[in-house]
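The values are calculated or read from the model by the stated rules, or taken from the named source; none is laboratory data. The structure displayed is predicted, hence computed values, not measured ones. Using ideal geometry, Cβ is built from the backbone for each residue, glycine included, and neighbour counts are taken over all protein chains shown. Please note that ligands, DNA and RNA were not included when accessible areas were found on the heavy atoms of the full protein model with its side chains. Shrake-Rupley method; radii C 1.70, N 1.55, O 1.52, S 1.80 Å.
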Amino acid sequence: MAAVLQSQKTALITGAASGIGFAFAKLCRSKGMHLALLDIDATNLPRAKEALTKSGSSDTSLKTETFTIDVGDKAAWDNVAAKVKDTFPSLDLVLLNAARMTKPKGANGSGDPWSGNVEYWRETFDTNVFGPINGISALLPLIKAGDKSPKSIVITGSKQGITNPPGAGNPAYNSTKGAIKILTEHLAHDLRSDEATAHISAHLLVPGWTFTGLSGNVGPTDEKETKKPNGAWAPSQVAEELEKALERGSFYVICPDDDVDRALDQARMKWGTEDILEDRPALSRWDAKWKGEAEKAIQEDAKRRRAV
């Protein structure tokens with residue numbers, strides 16, 4: 001699937017005004033690709049276009065178009081898809097990356113996600129789940145209508161959708177990212193199982209701790225001038241990891257960070273899966289009776305994995 005990152009091909013990216021979306025757009029432009037940049041941030045999206053137009057390639061034939069969109073709006077997606085079809089020679093790579101992390105405001109103002117705060121759930125699902133669903137629905141027909149060269153759809157998930165850490169503000173976000181994992185797995189299977197779409201791959205991008213707009217890094221920033229928190233990755237590191245994964249043809253793109261290496265990620269995921277197999281309490285890693293045993297087992301497992 002590395003062939004999708006080629007000169008004169010087109011990448012469409014949501015959440016493109018900052019963070020991982022902007023960093024991956026920059027990588028695609030360095031490959032000589034046309035760019036369709038989508039974001040709800042009408043202030044920073046033109047700045048992203050300006051920065052990308054000035055960087056990465058001297059080819060003046062490359063197109064860079066912006067579309068301000070709420071990804072939860074299906075009608076807006078249909079409008080964007082029509083414009084993309086009329087503007088670009090093809091659609092080859094889609095990164096559905098836009099996300100929100102809404103903090104709950106319970107009925108009593110406590111921030112309890114379970115006390116009458118349905119809107120907190122609805123807003124999070126509209127962006128994080130129906131955003132990608134709307135994008136796939138609107139864009140997959142365009143991808144199918146193109147030639148049979150390699151195409152890719154990448155959807156940004158989260159480790160929180162796999163390990164599912166508890167805490168205030170997490171249930172809706174974790175649930176959406178868990179849904180995205182399942183959705184993308186099904187999409188990948190269905191595409192590769194049909195001869196007509198076998199040239200279209202799907203990939204689940206799972207960043208580690210990354211300094212993005214969700215954590216305060218808003219706008220198309222110059223990473224050389226931005227101080228990220230210790231332990232976090234820069235968005236460009238995630239973009240580079242995604243490029244490597246596309247070259248390998250990997251479906252699961254599990255990114256480490258400067259605090260958590262691949263071995264520790266794997267050990268944590270294994271423990272969580274074994275809650276089911278071993279009939280332990282849900283989220284036993286954080287249970288008062290289990291967390292000591294869990295931490296010991298996870299660290300030992302990670303140590304073994306590093307030694308291999």
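Data table
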{"item": "Flag if E223 is modelled with pLDDT of 95 or more and surrounded by fewer than 19 Cβ atoms within 10 Å (Cβ to Cβ)", "result": "no"}
{"item": "Test result for L191, out of contact with any Phe, Trp or Tyr (no Cβ under 8 Å at 6 or more places or on another chain) and open to solvent by less than 70 Å² (accessible area, probe 1.4 Å)", "result": "yes"}
{"item": "Of the criteria (1) assigned to a helix (DSSP H, G or I); (2) of a type in the set (G, A, S); (3) within 21 Å of K181 (Cβ to Cβ), which one S250 fails", "result": "(1)"}
{"item": "Any chance L62 is more than 23 Å from I155 (Cα to Cα), in a loop (DSSP other than H, G, I, E, B), at pLDDT 85 or above and aliphatic (A, V, I, L, M)", "result": "yes"}
{"item": "Of all residues in region 162-183 being modelled with pLDDT of 95 or more and among the small types (G, A, S), the one that is most open to solvent (accessible area, probe 1.4 Å)", "result": "S175"}
{"item": "Residue count for region 253-291, restricted to those that are farther than 21 Å from I182 by Cα, touching a Ser or Thr at 6+ places or on another chain (Cβ under 8 Å) and part of a loop (DSSP other than H, G, I, E, B)", "result": "2"}
{"item": "Cβ-Cβ under 7 Å pairs, at least 6 apart or on other chains, region 291-308 side farther than 15 Å from V260 by Cα, far side surrounded by 13 or more Cβ atoms within 10 Å (Cβ to Cβ) and of a type outside the set (S, T, Y)", "result": "K291/R285; A294/W271; A294/R285; A297/W271"}
{"item": "Number of positions in region 270-289 that are farther than 14 Å from T163 by Cβ and either open to solvent by 70 Å² or more (accessible area, probe 1.4 Å) or touching a residue at least 60 places away in the same chain (Cβ under 8 Å) (or both)", "result": "5"}
{"item": "Check on L38, hydrophobic (A, V, I, L, M, F, W, C), open to solvent by less than 10 Å² (accessible area, probe 1.4 Å) and closer than 21 Å to H203 by Cα", "result": "yes"}
{"item": "Qualifying residue in region 127-140 (condition: open to solvent by 10 Å² or more (accessible area, probe 1.4 Å), under 13 Å from Y173 (Cβ atoms) and modelled with pLDDT under 95)", "result": "no"}
{"item": "Residue that is least open to solvent (accessible area, probe 1.4 Å), among those in region 75-92 that are more than 20 Å from A202 (Cβ to Cβ), among the charged types (D, E, K, R) and in contact (Cβ under 8 Å) with a residue 12 or more places away in the chain", "result": "D78"}
{"item": "Residue under evaluation K228, criteria (1) open to solvent by 70 Å² or more (accessible area, probe 1.4 Å); (2) among the charged types (D, E, K, R); (3) part of a loop (DSSP other than H, G, I, E, B), criterion not met", "result": "(1)"}
